[in-house]
Amino acid sequence: MAETREILESEGVDFDAPIAIYIGLFADHYYISEILAAAADTSDWQFLFVGEGELAPAVEEAAVERDNVFYPGAFDYKLMPGFLAHAAAGFCFKDAEQPLKLKEYGAAGLPTIAQPGELQRFYEDTELLFVEPEGQKIAATLAELSPDLREAYGEALREHAAQSSWEGIADGFRELFETAVSNE
């Protein structure tokens, strides 16, 4: 965690302000532009992007233009727990059955803003903050996310994640791959 703290300090991150984090691929279907739009409307939160992808130039530009957007780059997976440990909330706008990212965010106890849809079959409204992926709606959700609510959602997602084992997750992915191959 000391290494990630040094990385964030060198970027100018203020550890006294809440940090909303996105870790992963920077692509349109993960609503990166909408998260950046929320950053423009949410000056009391900092937005940390860790990853890479086709929208990396847009994230880099936002990090230069806005005081509350940070993009230190892409890093080895072993550093992700450290980045998550500094965050106060996470984003997961993937409308899929069981994104691994939610297990990671849950293990870190992060309240997570997610896209309504497929995930609602597996997660309760008390475990994820379901929000349409639009800048103003994301910003409004962060504005309402008090420390007490962050703790409640983070703990609920942690409990959900604790119900999963890595073996169970691997079995689920194997089933998905087998189904995809058999359907071809």
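Things to note:
- Here TYR105 meets each of (1) touching a strand residue (DSSP E or B) at 6+ places or on another chain (Cβ under 8 Å); (2) without any contact (Cβ under 8 Å) to a residue 40 or more places away in the chain with one exception, condition (2).
- Some residue of region 96-104 being farther than 17 Å from ALA17 by Cα and modelled with pLDDT of 95 or more: no
- Counting only residues that are touching a strand residue (DSSP E or B) at 6+ places or on another chain (Cβ under 8 Å) and under 14 Å from GLU65 (Cα atoms), region 25-37 holds 1 of them.
- Residues of region 40-58 classified as within 17 Å of PRO133 (Cα to Cα) and free of Cβ contacts under 8 Å to residues at least 40 places away in the same chain, total: 3
- Subset of region 5-47 that is surrounded by fewer than 21 Cβ atoms within 10 Å (Cβ to Cβ) and of a type in the set (Ser, Thr, Tyr) - its residue that is modelled with the lowest pLDDT: SER43
- Residues being aliphatic (A, V, I, L, M), surrounded by 21 or more Cβ atoms within 10 Å (Cβ to Cβ), within 18 Å of ALA17 (Cβ to Cβ) and in contact with a Leu (Cβ under 7 Å, 6 or more places away or on another chain) are entirely absent from region 117-125.
- Qualifying residue in region 109-121 (condition: among the polar types (S, T, N, Q) and more than 26 Å from ALA152 (Cα to Cα)): no
- Search result, residues across region 120-148 that are part of a helix (DSSP H, G or I) and either under 19 Å from ASP28 (Cβ atoms) or touching a helix residue (DSSP H, G or I) at 6+ places or on another chain (Cβ under 6 Å) (or both): GLY135, GLN136, LYS137, ILE138, ALA139
- Count of residues meeting criterion [closer than 23 Å to SER43 by Cβ and in a loop (DSSP other than H, G, I, E, B)] in region 67-96: 6
- Qualifying residue in region 97-108 (condition: assigned to a loop (DSSP other than H, G, I, E, B), under 15 Å from ALA161 (Cα atoms) and aliphatic (A, V, I, L, M)): yes
- For region 51-60, the count of residues that are more than 23 Å from ARG158 (Cβ to Cβ) and assigned to a strand (DSSP E or B) is at least one.
- Hey, GLU175 out of contact with any strand residue (DSSP E or B) (no Cβ under 8 Å at 6 or more places or on another chain), at pLDDT below 95 and closer than 14 Å to THR112 by Cα or not: no
The values are calculated or read from the model by the stated rules, or taken from the named source; none is laboratory data. The structure displayed is predicted, hence computed values, not measured ones. Every residue, glycine among them, receives a Cβ derived from its backbone with ideal geometry; neighbour counts consider all protein chains shown.
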